[in-house]
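K.L.:
There's a structure below that I have some questions on.
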Amino acid sequence: METWPTRLPKGVDINQPSAARVYDYYLGGACNFAADRDLARRAAEAVPWVRDLARANRSFLGRVVRFMVESGIRQFLDIGSGVPTLGNVHEIAQSVDPSCRVVYVDNEPVAVAHSELLLEGNELATVVQGDLRDPDGVLGDARTTALLDFDEPIGLLMVALLHFLRDDEDPAGIIERYRRRLAPGSFFALSHGTADVFPERMGELVEFYRSSSNPVTLRGKAEVERLFTGFDLVEPGLVWTAQWRPEFPENVGEHPERCAVYAGVGVKAAGAVASSPAESRTT
Amino acid sequence: MSEPAHDDPGPSAAWRSGEELTAWRADLVREWARVIAASSSVSRPRGELEDLVGGFVDRLTDAMTSQPLHIQPARDVGADLVAAEVVGERSLRDSIALLGRWLPVLGGGSGADSVSQRVVAVLGELAASYAEAMRDRTVEIQENLKLALVKAKEDTERTLRVSQARFEEVFNSVAVGMVISELDGTMGRSNEAMTEILGYSPQEMVGRSVHELFYIEDLADLTYQYAALPHSGTGRFRRQARLVRKDGETAWTYLSVSLLTDPDGEPTHMVTAVEDVSDLYLLKERFKYQTLYDTLTDLPNRQFFTSRLEAVLERPPVGTRVLLSYVDLEGLAAINTALHRDVGDYVIRTVAGKLRTVFSEFFDEPDLMLARVEGGMFALLGRYRDSAPDLVGLVSSVQGELAEPIYVGGHGVMVTAGIALVDRAANEVTVEELLAAADLTLRRVKRSGKAQWGLYDPQQHIQDLNRARASVTLPGALESGEFDLAGQPLVARGPDGENEVVGVRFAASWDSLEHGSVGHDECLRLAEEVGTDRQLGEWLIRRAGEEAQRWHRTFASAAPFALVCLTQGHAADQDLVAVVRRVLTDTGLSGDALRVSVPAGALRDELGEAADNVAVLAELGISVLLHDFGDTAGNIALLDRYPIRGVLLAESVWRPLCSPQEHSALVRRACTGFVKLVREAGAQAIVDGADAVAHVDRLREFGVDVIAGGFTPLARLDAEIDALTRAGRRQPAEPGGGPTGSA
């Protein structure tokens, strides 16, 4: 019938660069198109070590997932999972404990379709097409509720994601709506780009992304720390990505700030009160 | 430590012992693992990565040391690196650079197959198989990507098919008529229910414009709403509308129109759902007509007008302006009284017809509404977009029509009208603001006389609005004690030649939270506007009486009298005498201790209520004064007619006495003579003006008895009276210095 739209949704438009596919390109993936590679190359002119930045971020994700599994987490909600590149959450988690369950969430149809292909046959991992900004939709999706038990601790991941939210979209408010649903003992990990270092180069980077489907809002350290409201940051706190519990401390080098991405992990306190009297006595 | 090898130079010869080989291997594994971790995003735990790398090192060691050369292990390492996702852009380069430094110590090969050849062969194979694996990997990923794209598209289409099937089901089975149209109104599909309502078959609907269905009177409105829909925030609108059936009959319907968008939110089509409410409508119609129309003129009434105004101002298309005009007929009351009420009704009907004719020259029918909002008041609502109507032309057309006498029952009668016009952008004004603007503009117009007209003026509007607010909140303020008394000492020369305060004129002052400090004269004007001047006056009389009572207790017969000046309206009030008497009874004061002053102008009509009041008050022994005295020479006659105790001279009389050089000899003589006449008539001559005290000596020479100074708040009044009296006593030679005091 002629009255029905036949065009594809925006996310399938391969002529507009997408942050997820640009990221994939930085990591050496092949799930990207000319428009993505073009943006990636221009970004590399502003920040020549932009690939290192992406790599540091991806490797942070790996360490975080292992840390969480070692801390007893067996279910993960990875929002903004993007194109399934290398070292995906379910691979890492299930390599430690095959019973780990993972729900990926992305709003880009291609990334979702891709993830579905990748996860075919894996009963303990699934992907939901949803939007970070719609917590009710994400948390209430039948696939989410089928796999995740919200009475048990969950590892909530928002890695390299929140800088795609504008201030007026209220990132802190959105996180709070997820936090409320998490059982005590749940972990929350994020990494977030900043212009606290190399403000000019990072500014150029922001400009490049302006044309993409995912414009960027960089935030300062204090602002990023505020995103952990209601969580207690675990050691070593909010640090440069490479500094977060590195496997190869000698690789961190003298300039971990080069990655220009903050990373941290928080835990939702077991009690209702954030700081217990016992803690304040010891300090 | 090292054991020298035969002829072979280089470190290789030194690495033959098992222990040293183990140490070498451990070092290389650690270093290579570090390089891999740094160059790729592989995130294995360190131990795991080192185990993996250890396997690589062992296989490369095999390849290096095999005799004859067995290259397969090196190939495997290349492929396994890719399989282990060591695929950073520097991973291969950095690994080869590292191995190029470390492998030669293994020696390997012999003779022509030198160590360096062996290293190149091994690393070359590794690199080649790495590249091959990378190519396979890329192709595989691209294949997946392609599948993903196709899948995403299919998923989208499947979702569409499902929702389309659901839509079809609803579309065909629902009892509500539905039609899908292009954004320009061209109709596409419609359903069976639509055929039942409008009589067109679905085939007949296709290609027609939805606008063809609109009833003429709804056409403009509906066209606006359809055109505005793609730009509206809600994407839908609902309303009642009349549609034209195929057979030409009118169908009364309830429309619900909503926008269809593509997945990106771009509007593509509109769905119009039509509910036939004709039966219901006809029932309601009679009743509605009576509640919405004025029976005398058949024009819409105020309710209808207001709701129409609301509709026009709700989400108006960009650029729409509205003209609201009030036409308020003057002279109707006289016609009703002098001739007959029927004549007045006839005049109203005739004027309604005339106004309809005039306005329809300035506005198209759909953009125009004329209503009779009350008695002799009509309201016009006109809507326009581009060309503004000629307002001056409109007003003169109305006035021209009204200037023609209306002949009824042998009489030619004529009415005039006050006309207020408000012209505003429709999206910048609310219904309340627009009505208030028209109300206040009309009031301003009426203040300036009959047959006047005026245009809404934003600046003036704010003033008018504040004034209106002040006057309507005044009664409440009076009630809640926001008003205060102020007193104006009246100073005369006593029998011993010294100044003394003989009386105090009381005034009101309003310390309003909203309007600031409002003085006496302004209070009176505001009070007159809403007709509460009587209450204000009574409050003054009562409070003045209480103060006078207090003085009376202190000073006995030497106490100053209290004076209250009334407004024209209050002077003519039927209850005035009763109020004054009650206060006198309550306070035990004599009629001389509490005096009232009436505007001289109020007594112009000998038979008026004010004249009665003055006569009765005088009979009761209450001292009556007149103020604004001397504006017309005829005022003198009042002193003959009524027993007047004193007069507050009009400024036009006393001003020339103060500054004779600024006035002609004739004026001076007239004023001097006037004061003399007052004195001869037995009334006190009082000058009331803050700047008059500087001329006290001169004024006294001319016979003025009492000078009033400035107003003093009640709290300081006793001290002021005391100071004025004593200042006079101390300085009898310079009485003028006293009254300025602390005023």
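K.L.:
Among the residues of segment A:137-152, which ones are touching a residue at least 40 places away in the same chain (Cβ under 8 Å) and open to solvent by 40 Å² or more (accessible area, probe 1.4 Å)?
P.N.:
Of everything in segment A:137-152, those that are touching a residue at least 40 places away in the same chain (Cβ under 8 Å) and open to solvent by 40 Å² or more (accessible area, probe 1.4 Å) turn out to be A:Arg143, A:Asp149, A:Glu152.
K.L.:
Mind checking which pairs have a first residue in segment B:71-95 that is in a loop (DSSP other than H, G, I, E, B) and a second that is among the charged types (D, E, K, R), Cβ under 6 Å, 6 or more apart or different chains?
P.N.:
Going by the 6 Å Cβ cut-off, the qualifying pairs are B:Ile71/B:Glu125.
K.L.:
Another one. Looking at (1) more than 21 Å from A:Ala46 (Cα to Cα); (2) touching a residue at least 24 places away in the same chain (Cβ under 8 Å); (3) among the β-branched types (Val, Ile, Thr), which is the only condition A:Val216 fails?
P.N.:
Among (1) more than 21 Å from A:Ala46 (Cα to Cα); (2) touching a residue at least 24 places away in the same chain (Cβ under 8 Å); (3) among the β-branched types (Val, Ile, Thr), A:Val216 violates only (1).
K.L.:
Of the residues B:Ser278, B:Ser232, B:Ser209, B:Ser258, only one is within 14 Å of another protein chain (Cβ to nearest Cβ), surrounded by fewer than 20 Cβ atoms within 10 Å (Cβ to Cβ) and out of contact with any helix residue (DSSP H, G or I) (no Cβ under 6 Å at 6 or more places or on another chain); which?
P.N.:
B:Ser258 is the lone residue from the list that is within 14 Å of another protein chain (Cβ to nearest Cβ), surrounded by fewer than 20 Cβ atoms within 10 Å (Cβ to Cβ) and out of contact with any helix residue (DSSP H, G or I) (no Cβ under 6 Å at 6 or more places or on another chain).
K.L.:
Out of A:Phe76, A:Phe60, I need the residue that is away from every other protein chain (no Cβ under 14 Å) and open to solvent by less than 20 Å² (accessible area, probe 1.4 Å). Which one?
P.N.:
A:Phe76
K.L.:
On to the next question. With respect to B:Val327, is the statement that it is out of contact with any Ser or Thr (no Cβ under 9 Å at 6 or more places or on another chain) and part of a loop (DSSP other than H, G, I, E, B) true?
P.N.:
no
K.L.:
Next question. Find all pairs meeting these conditions: Cβ atoms under 6 angstrom apart; at least six residues apart or on different chains; first residue within segment A:86-113 and more than 12 Å from every other protein chain (Cβ to nearest Cβ); second residue of a type in the set (Ser, Thr, Tyr) and in a loop (DSSP other than H, G, I, E, B).
P.N.:
Final answer for the pair search is A:Tyr104/A:Ser81.
K.L.:
Any chance you could count how many residues in segment B:397-446 are within 16 Å of B:Gly382 (Cβ to Cβ) and either among the hydroxyl-bearing types (Ser, Thr, Tyr) or free of Cβ contacts under 8 Å to residues at least 40 places away in the same chain (or both)?
P.N.:
Qualifying residue count, segment B:397-446: 2.
K.L.:
Now, a different point. Take B:Lys146 and decide whether it is over 49 Å from the mean Cα position of the chain (by Cα), surrounded by 12 or more Cβ atoms within 10 Å (Cβ to Cβ) and charged (D, E, K, R).
P.N.:
On the way: over 49 Å from the mean Cα position of the chain (by Cα): yes; surrounded by 12 or more Cβ atoms within 10 Å (Cβ to Cβ): no; charged (D, E, K, R): yes.
Considered against the rule, which asks whether it is over 49 Å from the mean Cα position of the chain (by Cα), surrounded by 12 or more Cβ atoms within 10 Å (Cβ to Cβ) and charged (D, E, K, R), B:Lys146 comes out as no.
K.L.:
So, one more: Kindly establish whether B:Glu85 is facing chain A (nearest Cβ under 10 Å) and open to solvent by 70 Å² or more (accessible area, probe 1.4 Å). Walk me through it before giving the result.
P.N.:
Details: facing chain A (nearest Cβ under 10 Å): yes; open to solvent by 70 Å² or more (accessible area, probe 1.4 Å): no.
Here the answer is no, as B:Glu85 does not meet what is asked.
K.L.:
Moving on. Hey, can you tell me all the residues within segment A:161-198 that are of a type outside the set (D, E, K, R) and either part of a loop (DSSP other than H, G, I, E, B) or open to solvent by 80 Å² or more (accessible area, probe 1.4 Å) (or both)?
P.N.:
Step one: of segment A:161-198, the residues of a type outside the set (D, E, K, R) are A:161-165, A:171-175, A:178, A:182-195, A:197-198.
Within segment A:161-198, A:Leu161, A:Leu165, A:Leu182, A:Ala183, A:Pro184, A:Gly185, A:Ser186, A:Thr194, A:Ala195, A:Val197, A:Phe198 qualify.
K.L.:
Ok, one more. Just to be sure, is B:Arg467 touching a residue at least 40 places away in the same chain (Cβ under 8 Å), charged (D, E, K, R) and open to solvent by less than 70 Å² (accessible area, probe 1.4 Å)?
P.N.:
When the stated conditions are applied, B:Arg467 passes them.
K.L.:
May I ask you to list the residues in segment B:133-143 that are surrounded by fewer than 18 Cβ atoms within 10 Å (Cβ to Cβ) and either closer than 14 Å to A:His114 by Cα or modelled with pLDDT of 90 or more (or both)?
P.N.:
Those that are surrounded by fewer than 18 Cβ atoms within 10 Å (Cβ to Cβ) and either closer than 14 Å to A:His114 by Cα or modelled with pLDDT of 90 or more (or both): B:Glu140, B:Gln142, B:Glu143.
K.L.:
Going through segment A:21-51 one residue at a time, which ones are of a type outside the set (Phe, Trp, Tyr), crowded, with 20+ Cβ neighbours inside 10 Å, in a helix (DSSP H, G or I) and in contact (Cβ under 8 Å) with a residue 60 or more places away in the chain?
P.N.:
A:Arg21, A:Val22, A:Asp24, A:Leu39, A:Ala43, A:Val50
K.L.:
Looking only at segment B:415-462, filter to residues that are out of contact with any helix residue (DSSP H, G or I) (no Cβ under 9 Å at 6 or more places or on another chain) and polar (S, T, N, Q); which one of those is surrounded by the most Cβ atoms within 10 Å (Cβ to Cβ)?
P.N.:
Looking at residues that are out of contact with any helix residue (DSSP H, G or I) (no Cβ under 9 Å at 6 or more places or on another chain) and polar (S, T, N, Q), I get B:Ser448.
K.L.:
Tell me the residue from B:Ala165, B:Ala175 that is out of contact with any helix residue (DSSP H, G or I) (no Cβ under 8 Å at 6 or more places or on another chain) and among the small types (Gly, Ala, Ser), please.
P.N.:
Sole residue among the options that is out of contact with any helix residue (DSSP H, G or I) (no Cβ under 8 Å at 6 or more places or on another chain) and among the small types (Gly, Ala, Ser): B:Ala165.
K.L.:
(1) buried (at least 19 other Cβ atoms within 10 Å of the Cβ); (2) within 14 Å of another protein chain (Cβ to nearest Cβ); (3) out of contact with any Gly (no Cβ under 9 Å at 6 or more places or on another chain); (4) modelled with pLDDT under 90: which one isn't true of B:Gly108, the others all being true?
P.N.:
(2)
K.L.:
Sticking with this structure for a sec: Please specify each residue of segment B:305-323 satisfying the condition of being in contact (Cβ under 8 Å) with a residue 40 or more places away in the chain and not hydrophobic (A, V, I, L, M, F, W, C).
P.N.:
Hits for segment B:305-323 are B:Thr306, B:Arg308, B:Glu310, B:Arg315, B:Pro316, B:Pro317, B:Gly319, B:Thr320, B:Arg321.
K.L.:
Looking at segment B:158-171, can you tell me whether even one residue there is surrounded by fewer than 19 Cβ atoms within 10 Å (Cβ to Cβ) and touching an Asp or Glu at 6+ places or on another chain (Cβ under 9 Å)?
P.N.:
Among the residues of segment B:158-171, not one is surrounded by fewer than 19 Cβ atoms within 10 Å (Cβ to Cβ) and touching an Asp or Glu at 6+ places or on another chain (Cβ under 9 Å), which makes the answer no.
K.L.:
Let me ask something additional. I need the full set of residues from segment A:82-105 which are in contact with a Ser or Thr (Cβ under 7 Å, 6 or more places away or on another chain) and assigned to a loop (DSSP other than H, G, I, E, B), in order please.
P.N.:
Listed by number, the residues that qualify are A:Pro84, A:Leu86, A:Gly87.
K.L.:
Just checking, how many residues over segment B:15-64 are away from chain A (no Cβ under 14 Å) and either farther than 22 Å from A:Arg63 by Cα or open to solvent by 60 Å² or more (accessible area, probe 1.4 Å) (or both)?
P.N.:
Counting residues in segment B:15-64 that are away from chain A (no Cβ under 14 Å) and either farther than 22 Å from A:Arg63 by Cα or open to solvent by 60 Å² or more (accessible area, probe 1.4 Å) (or both) gives 23.
K.L.:
Inside segment A:42-51, can you point out the residues that are in contact with a Gly (Cβ under 9 Å, 6 or more places away or on another chain) and more than 8 Å from chain B (Cβ to nearest Cβ)?
P.N.:
A:Ala46
The values are calculated or read from the model by the stated rules, or taken from the named source; none is laboratory data. Since the model is a prediction, treat every value here as computed from it, not as a measurement. Counting neighbours? That spans all protein chains shown, and the Cβs are built from the backbone with ideal geometry, glycine included. With ligands, DNA and RNA removed, areas are computed over all heavy atoms of the protein, side chains included. Shrake-Rupley method; radii C 1.70, N 1.55, O 1.52, S 1.80 Å.
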